[in-house]
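**Student:** Below: one structure in structure tokens.
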Amino acid sequence: MPEANTLSVNSSNELVTDYQPHPNVYDEMYIADNQIRPHWEYLIRSLKSLGRSEIERRWQEARRLLRDNGVTYNIYGDPQGRDRPWQLDPVPMLISSEEWSSIERGLLQRAELMNLLLADLYGPREVLRKGLLPPELVIGHPGFLRAADGIKYIQRHRLPLYAVDLVRAPNGQMWALADRTQAPSGAGYALENRLILSRILPSLFRDSHVHRLALFFRTLRNTLASMSQHEDPRVVLLTPGPHNETYFEHAYLAKYLGYTLVQGADLTVRDAKVFLKTLDGLQAVDVIFRRVNDSYCDPLELRPDSYLGVAGLMQAIRMRNVILANPIGSSVLENPGLHAFLPGLAKHFLGEELLLQSPATWWCGERKARDYVLANLDKLVIKRIAAVPGMVSVRGRMLSQKQLEMLRGQIRAQPHWFVGAEEAPRSTTPVLVNTRLEPRQMMLRSFLVSGESGYVVMPGGLTRVAPSDDTPIISSQNGGISKDTWVIASEPERQITLVPDIKTSLTIYEGQQGELPSRVAENLYWLGRYAERAEGAIRLLRSVLLSLLEPYDYPDAENRTSIHSLLRAVTFLTETYPGFVGDGAAAKLAAPETELLSVFLDRNRIGSLSSTLQFLLNAARSVRDRVSPDMWRVISDIDDALAVLQRGDAKTPMQLSDALLELDNLVTALAAFAGLSMESMTHGQGWRFLMIGRRLERSWQTGQLLRAMLTTPDKDDANVLEHLLTITDSLMTYRRRYRSQLQVNATLELILQNESNPRAIGYQLERLYKYIRRLPRSEDTAYRRAEEKIILEVMTKVRLAEVDLLAKADENNFRKSLDQLLEHLERTLPLLSDAITNSYFSHAEQPRQLVQLGAEVEAEA
């Protein structure tokens with residue numbers, strides 16, 4: 001028996017080869033007799049020269065880059081699966097240029113075959129008439145959509161995108177395990193893997209002469225543009241949304257290729273044409289690069305329960321007013337039962353032998369094949385011809401006798417639904433595990449896109465390896481690890497860029513915001529609101545904690561009135577009623593720790609800090625393609641801080657002193673987010689909605705803070721004013737501006753009216769007025785819009801207020817004028833938010849005649 005082996009790094013930082021592949025399995029790095037394959041030698045020498053500590057450092061750097069870039073893969077049904085970090089091995093998978101040429105020929109032939117087969121199945125169907133394919137295998141497949149039958153496409157655009165999962169048999173031959181024709185995923189992850197490894201191993205990458213990926217993506221962009229007859233087509237990327245498992249890739253590709261990322265609700269069909277709903281009205285869409293499954297694309301003609309598609313899309317496709325990549329109905333080619341018939345189809349369509357074979361396959365709809373599968377059930381892999389939720393392929397050798405009998409019964413009952421395939425050991429490739437290289441089973445997904453003269457293959461692709469040595473399933477859903485795939489060239493590669501070489505002058509459409517969907521504008525607006533809401537709550541909570549943790553004893557309750565004002569402000573600001581103002585408030589004011597921790601940590605309590613941060617993260621994910629990499633790093637920091645807040649349990653509950661440190665970190669992160677919002681975003685309409693959300697929320701929060709702390713005079717007014725100025729980050733400004741003791745009227749002037757203090761309500765209202773006036777408006781009206789009237793009215797009311805009168809208390813020890821002004825502000829700002837929503841997000845429009853009539857009736861009354 002061979003020695004147990006890994007390639008390890010010893011204490012002298014010298015890489016020592018102690019690696020031996022599994023017996024009877026093809027290993028990508030080693031030949032027989034422990035000989036390293038020639039194209040792996042330079043990599044191994046480089047790893048030896050790096051040493052253990054440097055390899056570990058660069059691996060940690062790769063993890064940091066993945067985290068900072070927000071590279072994630074969502075796992076359905078897993079409570080921990082939302083935004084699970086993408087797993088990348090720092091050791092690339094290598095393929096020699098000579099071997100890749102052979103693989104590439106097989107991929108090109110298979111893609112062309114699939115293209116011709118798809119055109120025939122939705123056209124003349126000669127393969128069915130000639131008996132080359134059983135009709136039950138095609139017509140009975142859920143992916144064969146009758147609504148897509150007869151739609152005409154340009155031949156090279158019938159299947160513009162194609163991917164195939166490859167495994168290597170023990171004899172070294174590559175096998176096609178599965179075809180991906182519906183909405184192939186993974187190309188964006190392959191690109192991100194390449195960018196990460198080229199940063200952590202720059203010299204190794206440069207000197208290895210790795211084939212570049214840019215040509216594939218440039219061809220992809222050119223192909224999508226050529227699918228439309230318009231000179232400058234509008235291409236959008238249709239995503240199911242942030243909850244989809246590969247949403248990161250959707251946002252990443254949209255940003256990389258320069259497309260607008262849309263969801264089904266962002267599109268509408270009018271007169272058999274597809275339009276994008278934007279702030280400037282409806283914009284025609286020419287090409288849809290879809291990542292939504294076939295049956296979900298049109299609830300009118302396909303799945304009526306789908307909220308992911310666009311009603312009427314199929315009719316727009318029939319009228320050739322919009323083109324989809326890939327076409328609806330292409331999932332029929334993902335039927336594994338086709339593998340048994342592909343050799344004959346290759347001879348029919350191409351007159352050639354199939355170069356890239358699949359494992360031996362038997363479709364149980366044929367009696368002879370079914371008998372063979374039933375007799376050899378314990379030696380085969382059993383699959384269904386279409387994916388069924390909760391049912392995956394099974395390996396007969398892993399089933400008990402009872403399970404085998406149940407499976408036989410299912411096959412006999414519905415034979416056309418089942419396929420048996422040969423199971424063969426997959427090749428292994430080295431993976432870094434605890435600074436040791438271990439062999440793991442691997443699968444390579446290769447990507448192709450149709451070009452002007454045929455298909456173009458991405459050099460390499462996305463390699464995935466099993467998460468453990470004893471796991472036969474290779475899937476990202478099951479925790480699989482990815483690898484960058486290097487096709488090693490014999491000489492340096494020519495640099496290729498996605499920037500086109502344009503000879504003519506460019507037209508700059510300055511000020512045009514036609515690519516900003518209403519949904520995106522709304523999410524940016526709420527991102528601003530939640531960011532400001534979280535920051536305001538954190539500043540208040542931090543002041544409360546510092547007061548509670550002061551090492552002073554209060555002899556009586558009267559000396560704690562300023563702290564009570566702060567605690568009541570917590571409830572007012574966060575709206576976590578009853579809190580410190582409702583039933584049982586006295587007991588909570590005396591012992592506030594439990595209530596404060598709930599306001600901190602209870603994610604299910606609306607208004608709590610954890611809840612607000614979660615809403616912020618949800619809004620940020622929805623506009624992922626609009627956020628710069630630096631801003632996304634800040635979002636990741638906020639996500640990490642939220643995870644720390646949620647980490648406590650019954651055995652080790654979080655204490656208030658622990659929460660204080662996290663509040664400091666969160667304030668820093670939110671301040672960085674605010675700064676990057678100003679400096680890293682183009683000041684267009686999207687940015688304005690983000691700013692409107694921030695300014696409106698800060699106005700409302702500051703008003704609530706003033707109302708909670710100043711409307712009722714306190715015996716310790718000076719202490720209350722100091723807390724108020726600290727929370728609003730205005731204490732230093734006050735001291736420089738007034739150089740006097742703290743006074744209510746001066747504080748109100750600084751926090752309520754001042755239009756040069758970024759924390760003052762007056763400043764927020766003035767900014768709001770400026771932003772709202774620059775929002776897009778209909779050209780058919782000369783009247784002020786509702787949101788303009790509201791902001792003008794409330795801004796004027798604040799400007800004209802007399803601060804000395806506001807600061808004066810009446811005989812009931814109550815500042816009634818201040819309370820009335822703040823109550824008006826509290827009532828009016830939600831009306832402003834509603835008006836903005838009606839004008840730009842919900843597209844609700846009030847009939848002008850009714851509004852005028854109502855005003856006349858009110859005037860007469």
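The values are calculated or read from the model by the stated rules, or taken from the named source; none is laboratory data. On a predicted model such as this, the values are computed, not experimentally measured, just so you know. Glycine also receives a Cβ, built like all others from the backbone with ideal geometry; neighbour counts cover every protein chain displayed. Heads up: the accessible areas ignore ligands, DNA and RNA and are worked out on the full protein's heavy atoms, side chains in. Shrake-Rupley method; radii C 1.70, N 1.55, O 1.52, S 1.80 Å.
**Student:** How many angstrom separate the Cα center of region 799-831 from the Cα center of region 718-759?
**Tutor:** Rounded to whole Å, the Cα centres lie 17 Å apart.
**Student:** In debye, nearest 20, what is the charge dipole magnitude of region 580-676 about its Cα centre with +1 on Lys and Arg Cβ and -1 on Asp and Glu Cβ, if you could check?
**Tutor:** 280 debye
**Student:** Grab the Cα-Cα distance for M319 and S756, subtract it from 0.36 nm times how many residues apart they are, and report the gain in nm with one decimal.
**Tutor:** Using 0.36 nm per residue and subtracting the Cα-Cα distance, I get 151.6 nm.
**Student:** Applying 1/(1 + (r/R0)^6) with R0 = 56 Å to the Cβ-Cβ distance of I139 and N24, what FRET efficiency is obtained, to the nearest 0.05?
**Tutor:** The value I calculate is 0.85.
**Student:** Report the local net charge at M678: Lys and Arg +1, Asp and Glu -1, summed over other residues whose C-beta lies under 13 Å from its C-beta.
**Tutor:** Every neighbour counted, the sum reads +2.
**Student:** Which angle between 0 and 90 degrees, to the nearest 10, do you get for helix 816-836 versus the longest principal axis of the chain when only C-alpha atoms count?
**Tutor:** 30 degrees
**Student:** What is the Cα convex hull volume of region 378-435 when expressed per residue in Å³?
**Tutor:** 137 Å³
**Student:** Give the angle, between 0 and 90 degrees and rounded to the nearest 10, that separates the Cα long axis of helix 247-257 from the longest principal axis of the Cα atoms of the chain.
**Tutor:** 90 degrees
**Student:** DSSP loop (so not H, G, I, E, B), at most 10 other Cβ within 10 Å: list which trypsin sites (Lys or Arg not before Pro) in region 93-136 pass both filters.
**Tutor:** K130
**Student:** For the pair V667/S46, report the inter-label distance in nm, with labels modelled 7 Å from Cα in the Cβ direction.
**Tutor:** With each label point 7 Å from Cα toward Cβ, the separation is 4.6 nm.
**Student:** So, one more: Report, by chain and number, residues whose modeled amide H sits under 5 Å from the one on Y455, excluding near sequence neighbours (fewer than 5 apart, same chain).
**Tutor:** Those qualifying (amide H under 5 Å, at least 5 residues apart or on another chain) number zero.
**Student:** Let me ask something else about it. Rounded to the nearest 0.05, what FRET efficiency do D658 and N618 have when you use their Cβ-Cβ distance and R0 = 45 Å?
**Tutor:** Rounded to the nearest 0.05, the efficiency is 0.95.
**Student:** Once the piece of chain linking V581 and S97 is laid out straight, how much longer is it, given 0.36 nm per residue of separation minus the C-alpha distance between them?
**Tutor:** Result: 166.9 nm gained on full extension.
**Student:** If the only charges are +1 at each Lys and Arg Cβ and -1 at each Asp and Glu Cβ, what is the size of the charge dipole of region 768-835 around the Cα centre, to the nearest 20 debye?
**Tutor:** The calculation lands at about 340 debye.
**Student:** Want the number for D602 to Y738: 0.36 nm per residue separation, take away the alpha-carbon distance, what's left?
**Tutor:** 44.8 nm
**Student:** DSSP loop (so not H, G, I, E, B), at most 12 other Cβ within 10 Å: list which trypsin sites (Lys or Arg not before Pro) in region 672-766 pass both filters.
**Tutor:** When the trypsin sites (Lys or Arg not before Pro) of region 672-766 are filtered for loop state and at most 12 Cβ neighbours within 10 Å, K715, R739 remain.
**Student:** Please list, in chain and number order, the residues 5+ apart from R290 or on another chain whose amide H is under 5 Å from its amide H, with Hs placed from the backbone.
**Tutor:** Under 5 Å from the amide H of R290: L238, A325, N326.
**Student:** If you keep only loop residues by DSSP, which GluC sites (Glu not before Pro) in region 728-788 have at most 13 other Cβ atoms within 10 Å of their Cβ?
**Tutor:** E779
**Student:** May I ask you to give the percent of accessible area on the chain that is carbon plus sulfur, with a probe radius of 1.4 Å?
**Tutor:** Roughly 50 percent of what the probe reaches on the chain is carbon or sulfur.
**Student:** Using the beta-carbon distance between R773 and Y256 and R0 = 30 Å, what value does 1/(1 + (r/R0)^6) give for FRET efficiency, to the nearest 0.05?
**Tutor:** So the FRET efficiency works out to roughly 0.30.
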